[in-house]
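Every read-out reported here was derived from the displayed coordinates using simple, explicitly stated rules and does not represent laboratory data. Note that the structure is predicted; figures quoted are calculated from it, not measured. Ideal geometry is used to build each Cβ from the backbone, glycine not excepted, and the neighbour counts take in all protein chains shown.
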Amino acid sequence: MHIRRVSAAITVIVLALSISACGKKQPPVARPVPPPPTDTTGGADRPPTPPTPIQEPTAVPPDPSLTEDPLKNVDLDQINQNSPFKPVFFSYDSAEVDGTGQQTLNENAGVLKKYGTWVITIEGHADERGTAEYNLALGERRAMAARTYLLSLGVPADRLKIVSYGKEFPFDPSHTESAWSKNRRAHFVVTSK
């Protein structure tokens, strides 16, 4: 009986080993993938061909003699002798900037914007009629009116100074209405650049 048990145990072990050996899975074998189907409709799935780059024209630098600022190397005295600023003229006993004065100030603001570092002094002047004190106050009001208008056009306040000369420096020393109309003005002087 002992042999039977031993033989039965060996049979059970052999069976168990053979079952476990048969149960091992074989690794899968890679099979070749078939090629993608060829498109016979003319490449509808293919992205479009990128466009041909456009040749940019070669930039030609501007002629320096045309773009160079003619006032760049000019001193203040020469600038003020041939001033790019126009004076603003006022009516008798008035500091109101009229339509013509506004056009002039618009042009002067353009000059100030072109020359962004220039500082100007606006001189207020009056004709010879009236007292010195009255004409100094009137000249100041005229200079202030021109300054206020330039400020409204966006010119920075630190670039605009004012001074009044009253009747002290007439543009035309004659004693006529024509001369007086030239002397009632706001005059612009470049004081630094």
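A compact table of results
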quantity: Estimated FRET transfer efficiency when R0 is 30 angstrom, pair Leu151-Asp172 (beta carbons, to 0.05); calculated: 0.55
quantity: DSSP-assigned coil residues among chymotrypsin sites (Phe, Trp or Tyr not before Pro) in the range 92-189, each with at most 13 further Cβ atoms within 10 Å; calculated: Tyr92
quantity: Local net charge near His187, Cβ-Cβ under 14 Å (Lys/Arg +1, Asp/Glu -1); calculated: +3
quantity: Stretch gain in nm, segment Val189-Ser91, where the contour uses 0.36 nm per residue and the Cα spacing is subtracted; calculated: 33.1 nm
quantity: Amide hydrogen neighbours beyond the local backbone of Lys161, cut-off 5 Å, H modeled; calculated: Ile120, Thr121, Ile122
quantity: Thr117 versus Val74: modelled label distance in nm, points set 7 Å from Cα along the beta carbon direction; calculated: 1.7
quantity: Relative contact order computed over the range 134-183 (Cα-Cα under 8 Å; 6+ residues apart), in percent; calculated: 40
quantity: Prolate/oblate/rounded call for the range 84-137, Cα gyration tensor, a/c under 1.5 rounded; calculated: oblate
quantity: Zone of Tyr134's modelled label, taken as backbone nitrogen in the range 87-106 under 18 Å from a point 7 Å along Cα→Cβ; calculated: 90-96
quantity: Separation in nanometres of the label points that stand 7 Å from Cα toward Cβ, at Lys161 and Leu15; calculated: 12.0
quantity: Antiparallel DSSP beta bridges within the range 73-192, percent to nearest 5; calculated: 55
